[in-house]
Amino acid sequence: MLCYIYKSLKKEQTYLYIAKRDKFENVPKQLLTMFGKPELFMTFNLAGNKQLAIADIDKVREAMQKDGFYLQLPPPVTNELEVFKASKGIHDSD
């Protein structure tokens, strides 16, 4: 099963997966408005053995079959200062 992956020019590290090239009928209009103009990033075979960099391929397949699209959002930003403080047992009230 091929899918077409589009990147958002408005939202960094945000990607939209669809089943047919340039066919966005299954994607809600509000989501497309927030996503901005989609730019084709790559074609990917969901039936193959390759893994995706960030998205879980099983979740992508499931969403594609159920909804006709999958939206990949950027990973959460890690606050390195808070991680450091927690590792040292430092609390803001100290």
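Each reported figure results from applying straightforward, stated rules to the coordinates on display, with no laboratory input. Since we're looking at a predicted model, the values are computed, not measured. Methodologically, a virtual Cβ is constructed for each residue, glycine included, from the backbone with ideal geometry; neighbour enumeration extends over all protein chains shown.
With a Cα cut-off of under 19 Å and a minimum spacing of 8 residues unless on different chains, the lysine pairs in the chain number 18. Ordered by the count of other Cβ atoms within 10 Å of each Cβ, fewest first, I57, I90, I5 give I90, I57, I5.
Specify which labelled value, from [x] 71; [y] 64; [z] 59, agrees with percent of Cα pairs over 16 Å apart derived from the coordinates of the model shown. Derived directly from the coordinates: [z].
Footprinting exposure proxy ranking of T14, T43, fewest other C-beta atoms within 10 angstrom first, gives T43, T14.
For L46, the amide hydrogen comes within under 5 Å of the amide hydrogens of L2, C3, counting only partners 5 or more places away or on other chains and with H modelled in the peptide plane. Inter-label distance, M34 to I57: 2.9 nm, where each label sits 7 Å from its Cα along the C-beta direction.
Using a 10 Å cut-off around each Cβ, can you sort F24, F35 from fewest to most neighbouring Cβ atoms?
F24, F35
Rounded to whole numbers, the Karplus 3J(HN,Hα) couplings from phi for segment 29-37 are 4, 4, 5, 4, 5, 5, 5, x, 5 Hz, using 6.51 cos²θ - 1.76 cosθ + 1.60 with θ = phi - 60°, and x at Gly and Pro. Taking the Cα centre of segment 2-88 as reference, the dipole from Cβ charges on Lys and Arg (+1) and Asp and Glu (-1) amounts to some 140 debye.
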